[in-house]
Every structure is written in C-alpha cells, then in structure tokens.
Amino acid sequence: MSHPGRLEGKVAIVTGGGLGLGEGIVRKFVHEGARVLIFDIHKANGEKVAASLDPKAVKAYEGDVTKTSDWEAAVKHALDAFGKLDIVVNNAGVVHNAQASDTVPLEEYERIMKINVSPLYHSAKAVRPVFQKAGGGVFVNVSSISAPRPRPNLVWYAGSKGAVSAVTKGLAAEFAKENVRVNAICPVAAATGMLASVLGGTDTEEGRAGLIKGIPLGRTATPQDIGNAAAFLASDEASLITGIELYVDGGRSLQ
Ligand SMILES: NC(=O)c1ccc[n+]([C@@H]2O[C@H](COP(=O)([O-])OP(=O)(O)OC[C@H]3O[C@@H](n4cnc5c(N)ncnc54)[C@H](O)[C@@H]3O)[C@@H](O)[C@H]2O)c1
C-alpha cells in the first residue's frame, strides 16, 4: 500500500526553482505530492524542470523576485493554475566572488543585498493576505550556514543571509497568530553554479578539497539534501516548528 506524500494536496511557489538547490526543492516537493509554480528569472530553466516532471503539477513563471509586481503576478499565476497557495519557498539568491571585503564593488554589494533580502519583504506583502484568507501557510527561506558562522571573504553575502535569518525569526513571531509558519534553512556549500564564486572565481579540484576539509561529514550539500529539509519544514509534520534556522551543513558550524 502506498502512503500519501507528505505534501499531498499542497501548492507551493519556489523561487529560483529552475536550477541548483531550487530545482532539488521542486523535485522533492512534486515527489511528495505538491503542485509547484517555479518563479525564476530564467524561464527556460523553469520550463525544462517542469517538462521533466508532470507539466500538470509544475508550471514555470518568469519573473524577478526583487519586484513587487512580479510577486503579485506569481501569486495570481499560482492561484489561477492550482486554485490555492500553501507554501512559499524563498530560495533564489546570489553570491559575490570570495574576496577581501573592502574590494567588493559597491554594485556587487547592492546586488547581493537586493536579490537576497528584498524578496522576503515582497513575498510577505504579496502572500500574507492569501494565507490570512486561507487560515494559514508556510514560508521556507533559504539562508546559509554563513549567517550563523560568517567566514572571511564572503562577508557581504553572509550579511545578506544574516538578514534572511533575522527576518525569518521576526516574521515567525509576528505571523504565528495567523497560523503562518516561517523557517529558514542554512545550507553548507553545494556544487551548484554558485560554487565557482564561493571558491573565489574558479572552480578547481584543489578549492573543492579545501572546502570539504572544513565539513566534518566530508561532503558538500546536494539539491536533494536541501529538498528534503524544505519538504519537512513545509509539511504538517513540522506544524509546531517556526522561527528556526535548520542547519544542513554536515557539521560545518561545529568547527
Ligand atoms: N550553492 C551553495 O553553495 C549555497 C550554500 C548556501 C546557501 N545557498 C543559497 O541557496 C539558494 C540557491 O542557490 P543555488 O546554489 O541553487 O544557486 P543557482 O545559481 O544554482 O540558482 C539560482 C536560481 O535563482 C534564479 N534567480 C537568480 N536571481 C533571480 C531573481 N532576481 N529572480 C528570480 N530568480 C532568480 C536563477 O535564475 C537560478 O535559477 C540561494 O539563496 C543561495 O544563496 C547556496
């Protein structure tokens, strides 16, 4: 006898769901029975993921997570396509090349802060009324282990993720009375398109080996690891969990 998935009947928006960790989250959510709107600035990526899954269960919306109007349109798309909205995963994010903090260009600093932090503001505004009407909902925000444990050379990125973690806790406290849960995931480095920047601009065997040395469990994170964590936090199994940072870091924060 097959068991229902832990997200059976749920509808989610996953930002940046066309690639990397976001794609892992979309795949796991669909596997667990959810229907998903991928909200990504690169439509082709989202469409590819949707086509490789069930096109009835996954739709791609092309938009920019830093724009209020695109958030409003994404929410409308999800409601039109699936009739409801239960979960929003703020996953889209960017990193700067690892380098001395005072050499990071101002435009890069501003880009990091805007893309990593402002979606929490826009999504809170665009989604809260829908969750209020439905009697509840869940936000899962992808932060980083660099928020609780910042290291040299990725300081502005860590600062943006520190904001993601703090806003997550603040919104959790504020929205709890509306049965809206807000949690963060803090991944360790993962071998996505972001890795080259994390390694200072070039992805080398030597660089990867250095990273892995700093992770007690001896490997980087995978999209599956982050999909598993997101599915748990989004599910009713986590119904008493709000305002946490879930470390998916192989013990990195212990060193
Ligand atoms: N990869 C890592 O090592 C790592 C570690 C910790 C946390 N994270 C976090 O995980 C999240 C996903 O990272 P990833 O490694 O999968 O990145 P990625 O670069 O592989 O994918 C990011 C996705 O976000 C989309 N995106 C970027 N800007 C957007 C915008 N303005 N509007 C809509 N979509 C946009 C991209 O098109 C892409 O599909 C990010 O928030 C990142 O900071 C990553």
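Structure values in brief
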{"quantity": "For ALA190, residues with placed amide H under 5 Å, excluding near neighbours", "calculated": "ALA221"}
{"quantity": "Whole-angstrom Cα spans of region 90-160 along principal axes, big to small", "calculated": "47, 24, 13"}
{"quantity": "With every protein chain in place, region 46-153: carbon and sulfur % of accessible area (1.4 Å)", "calculated": "53 percent"}
{"quantity": "Estimated translational D of region 157-244 in µm²/s (Stokes, Kirkwood radius over Cα pairs; 25 °C; 0.890 mPa s)", "calculated": "165 µm²/s"}
{"quantity": "Highest-MSF residue in the chain out of ALA12, ALA60, ALA163 [GNM, Cα springs under 10 Å]", "calculated": "ALA163"}
{"quantity": "Residue list for region 124-162, given a label point 7 angstrom along the Cα-to-Cβ vector of LYS169 and an amide N cut-off under 13 Å", "calculated": "147-149, 162"}
{"quantity": "CD proxy at 222 nm, helix term only [per DSSP H run n ≥ 4: -39500 (n - 2.57); per residue of the chain; nearest 500]", "calculated": "-14000 deg cm²/dmol"}
{"quantity": "Separation between Cα centres of region 16-60 and region 66-126, rounded to whole Å", "calculated": "17 Å"}
{"quantity": "Length gained when the stretch GLU178-SER239 is fully extended (0.36 nm per residue, less Cα-Cα span)", "calculated": "20.7 nm"}
{"quantity": "Length gained when the stretch ASP80-ILE212 is fully extended (0.36 nm per residue, less Cα-Cα span)", "calculated": "43.1 nm"}
{"quantity": "Coordinate range along principal axes, alpha carbons of region 80-216, Å, largest first", "calculated": "51, 32, 29"}
{"quantity": "Region 1-132, relative contact order [Cα under 8 Å, separation at least 6], %", "calculated": "25 percent"}
{"quantity": "GNM flexibility winner over the chain from GLU23, GLU110, GLU62 (Cα, springs under 10 Å)", "calculated": "GLU110"}
{"quantity": "Average accessible area per residue (Å²) across region 11-247 - probe 1.4 Å, nucleic acids and ligands excluded", "calculated": "44 Å²"}
{"quantity": "For region 11-247, fraction of C-alpha pairs farther apart than 23 Å, in %", "calculated": "45 percent"}
{"quantity": "Candidates VAL117, VAL155, VAL11, ranked by Gaussian network fluctuation over the chain, Cα under 10 Å, top entry", "calculated": "VAL155"}
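The values are calculated or read from the model by the stated rules, or taken from the named source; none is laboratory data. The model shown is predicted, which means the values in this text are computed figures rather than measured ones. Positions of Cβ are generated from backbone atoms using ideal geometry, with glycine treated the same way; all protein chains shown enter the neighbour counts. Ligands, DNA and RNA are excluded from the accessible area calculation, which covers all protein heavy atoms including side chains. Shrake-Rupley method; radii C 1.70, N 1.55, O 1.52, S 1.80 Å.
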